[in-house]
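Colleague: Quick one: the structure is below, questions incoming.
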């Protein structure tokens, strides 16, 4: 029986450590840094490493030193395929572990109270019985496994990254502090009466569970609201494009129906020597033909759709627009992503132009190509220089009065472009703003 307990203790400890690091990885990838990766190879290496270390720790005299020394190796396993700045990844991993430990302190306290309600476990010099230790490890493992599998299938596998803002980071930093305060209250006031201990335990359980759940659903609901807004913009652009296409088809059908009569009229005019009238008639036909052609041809169907929609807005606001160049073969991006990047870019340019007099308003889109890259540049005048240093940060930059609801578009644009391996940068002088996107053709 003691041998079986030892085996269960080793296995439960290894399982707890495994799901602990696995949960860290998907948590950090989903909310803070997409450079963290989780895969089968890493899972196998980690599982074997932890099992060996826990066996050696249990049966070797210097096992305590192995327990301390395994943390650098755990960090190395977590970061060996990290795609980002190593120092920043280490700091994020370390700080996240501190936050999660605050939660574990509460769970441990609650579990120990359930196993030993006489509060002997509050004595810091008392070693927990092996069954209690196994139970706590299993409780930790169950909690972490639920967190891991939920985040893995809900966010990590679909490739959803929800960047946390400053407010969320500060709230998460306060979380372990509150956990420690609740733990201290249980320690100092729990001995006074069983009723006090029960109340404090219930408060601890509610806080330990409800706070992370509240934070998660608040953040993810905001993410999907933004995503829905992008989808609505995309669908509106598609609808407008379809309406324009249907109207053009109707006009083309009418033109084809009347072309025979028009040609017969021209023939009649030429036969009677009315060359000037025939020339004017031909000019009218050429203008009609040009009106049936697409106003802008960029080489990408979705970008043409966006340009068609925004052209109407620019005409209404008396903004001159010029397109120079073609994307041979198209971008190859998802239509919603093309809409998210270029619709936002044109909206920002239109917004800047409306602050100037009609004579000064213009927007130019240039498309240049090399053997490996496309360079797409959007130029527009500005009333005053833009702080390009803040433009692509999470906090964003906006000239609008409502700072909380605007200014995130440029950050989302850059994040979307970088997901395709593109590089986005902005330059601004006193009177001209230039947004440039460098796109690798092979990545597209």
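Colleague: Conditions: (1) within 25 Å of residue 160 (Cβ to Cβ); (2) at pLDDT below 85. Residue 390 meets all but one. Number of the miss?
Modeller: (1)
Colleague: Sort out which residues of segment 38-75 are surrounded by 11 or more Cβ atoms within 10 Å (Cβ to Cβ), at pLDDT 85 or above and not in a helix (DSSP H, G or I), and write them in order of number.
Modeller: Answer for segment 38-75, where residues must be surrounded by 11 or more Cβ atoms within 10 Å (Cβ to Cβ), at pLDDT 85 or above and not in a helix (DSSP H, G or I): just 38.
Colleague: I'd like the full set of residues that are modelled with pLDDT under 60 and either part of a helix (DSSP H, G or I) or out of contact with any helix residue (DSSP H, G or I) (no Cβ under 7 Å at 6 or more places or on another chain) (or both), limited to segment 117-150. Outline the logic, then answer.
Modeller: Quick first cut of segment 117-150, residues modelled with pLDDT under 60 only: 117-128.
The answer is 117, 118, 119, 120, 121, 122, 123, 124, 125, 127.
Colleague: Just to be sure before I move on: is residue 110 at pLDDT 75 or above, assigned by TED's automatic domain parsing to the domain that holds residue 18 and either closer than 22 Å to residue 7 by Cα or touching a helix residue (DSSP H, G or I) at 6+ places or on another chain (Cβ under 7 Å) (or both) in the structure I sent?
Modeller: The answer is no for residue 110.
Colleague: Return the residues of segment 323-342 that are surrounded by 20 or more Cβ atoms within 10 Å (Cβ to Cβ) and over 11 Å from residue 304 (Cα atoms); say none if nothing qualifies. Give the steps one after another, and end with the answer.
Modeller: Going residue by residue through segment 323-342, those that are surrounded by 20 or more Cβ atoms within 10 Å (Cβ to Cβ) are 327, 331, 333, 338-342.
Correct list: 331, 333, 340, 341.
Colleague: Name the helices (runs of 4 or more DSSP H) wholly inside segment 296-377 in which the number of residues that are in the same structural domain as residue 428 (by TED's automatic domain parsing) and modelled with pLDDT of 90 or more is 1 or more.
Modeller: Values: elements: 301-316, 335-338, 344-353.
Of the helices (runs of 4 or more DSSP H) lying wholly inside segment 296-377, those with at least 1 residues that are in the same structural domain as residue 428 (by TED's automatic domain parsing) and modelled with pLDDT of 90 or more span 301-316, 344-353.
The values are calculated or read from the model by the stated rules, or taken from the named source; none is laboratory data. It should be emphasised that the depicted structure is a prediction, and the values quoted were computed from it without experimental measurement. Positions of Cβ are backbone-derived with ideal geometry, glycine not excepted, and every protein chain shown enters the neighbour counts.
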